[in-house]
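Read the structure below first, then the notes.
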Amino acid sequence: MTSLIIDTDPGVDDAFALALACASPEIDLLAVTTVFGNASLETTTRNALRVLALCGRTDVPVAMGAERPLVYPQVHEAELVHGSDGLSGRAHLLPSGGAAPVEADAVELMARLLRAATEPVTIVPIGPLTNVALLLAAHPGLRGKIERLVVMGGAVSGGNTTARAEFNLWSDPEAAHRVLVEERVPTVLVPIDLTFQCMVERPWLDRLAAAGPLGETLVGLTADYVAHYTAFFGKECTILHDAIAVAEAIRPGLLRTRTYPVEVDCAFGPSRGALVVDRREPEIIATFGSKLARSLEIAVETDVDEVREFLLARLAG
Ligand code: BDR
Ligand code: CA
């Protein structure tokens, strides 16, 4: 059994990721913590509560975290992708369940759960890294209680928010720098280069919608999100970024990784928020060294059909 905390900004693909964790018997979902990102903190929190209610998991505590980046305010730019309410304008169709966030904030709840844990806990950040940076900064003594971080974010070969930067890292580059470069907690980074490989197309969505009420409701949240990716790729499809990271947390090793020296660009130039990856051959790096000090495990490939079938089987209920 893997004890899991998901730090999230729902978001359509976040909704799939939460549902996947709820549908997985290997997972003990300790908590869901929320962060600004795809929408305001208030909206992402409401969406998280609603998705958990949809999954019949109102017992999972939800704690609110950061409402803005650590240092520099940054404009939210996800409405075009995830719709006006983060869920393609369909959030109101989900049950509200009447649940509310707990009194503790995200960092407080994560710290409390880590302190109490008898086995190390996996944390899956699938939004801006602000809450996790604050956790590690405020509670350095709890690092050892973290089994690993499985982080959805970053782009190796080209961004989705700017030419170089991926949305989660771009949303709070200083937090991403703290977590991915300055810390030494075991981490697997799942970048968009990998999640794009796992694209799902209309027939996959139709199979999920036909499989049962959960699948039907989840697919019902995808209209704006699918429209965005359809315009982007020229075919009816979508990318379930965050669900791929949660799949790796459920089945460690589902994604194959390579270790690279990395840096996160925090300068105010065209590469702000970009993940800089030293992709030279290991022998070259061994000979000449890398100017990038942190070695990070990055997911580079997977059996995409296996991933798609895994998601489908779990979300079908
Ligand atoms: C990431 O950005 C968000 O829009 C998605 O929810 C995902 O976490 C992909 O770049
Ligand atoms: Ca997300």
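The values are calculated or read from the model by the stated rules, or taken from the named source; none is laboratory data. These numbers come from a predicted model, not from an experiment. Note that each Cβ is placed from the backbone with ideal geometry, even for glycine, and that neighbours are counted across all protein chains shown.
Descriptive notes on the structure:
- Residue list for the range 180-219, filter: touching a residue at least 24 places away in the same chain (Cβ under 8 Å), among the acidic types (Asp, Glu) and over 14 Å from Ala299 (Cα atoms): Glu182, Glu183, Glu201
- Count of the range 25-48 residues, restricted to those that are more than 20 Å from Leu129 (Cα to Cα) and touching a Ser or Thr at 6+ places or on another chain (Cβ under 9 Å), is 3.
So that you can scan it fast, the table gives a plain yes or no per residue for (1) within 16 Å of ligand 2 (Cβ to nearest atom); (2) under 16 Å from the mean Cα position of the chain (by Cα); (3) part of a loop (DSSP other than H, G, I, E, B):
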residue: Asp7; (1), (2), (3): yes, yes, no
residue: Pro10; (1), (2), (3): yes, yes, yes
residue: Phe16; (1), (2), (3): yes, yes, no
residue: Thr45; (1), (2), (3): yes, yes, no
residue: Arg57; (1), (2), (3): no, no, yes
residue: Val81; (1), (2), (3): yes, yes, no
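- Taken over the range 204-258, residues that are within 16 Å of ligand 1 (Cβ to nearest atom) and crowded, with 16+ Cβ neighbours inside 10 Å amount to 23.
- Filter result for Ala111 (more than 15 Å from ligand 1 (Cβ to nearest atom) and closer than 13 Å to Gly65 by Cβ): yes
- From Pro73, Pro95, Pro128, Pro69, residue being closer than 29 Å to Cys266 by Cα, over 20 Å from the mean Cα position of the chain (by Cα) and either touching a residue at least 40 places away in the same chain (Cβ under 8 Å) or in a loop (DSSP other than H, G, I, E, B) (or both): Pro73
- At least 3 residues being farther than 28 Å from Thr162 by Cα is the threshold, and among the helices (runs of 4 or more DSSP H) wholly inside the range 200-315 those reaching it are 202-211, 213-220, 282-288, 304-315.
- Residue within the range 12-33 that is surrounded by fewer than 18 Cβ atoms within 10 Å (Cβ to Cβ), more than 16 Å from Leu109 (Cβ to Cβ) and within 14 Å of ligand 1 (Cβ to nearest atom) present: no
- Complete set of residues in the range 143-171 that are away from ligand 2 (no atom under 16 Å from the Cβ), in a loop (DSSP other than H, G, I, E, B) and among the charged types (D, E, K, R): Arg164
- Boolean, Gly37 is at positive phi, at pLDDT 95 or above, of a type in the set (Gly, Ala, Ser) and touching a strand residue (DSSP E or B) at 6+ places or on another chain (Cβ under 9 Å): yes
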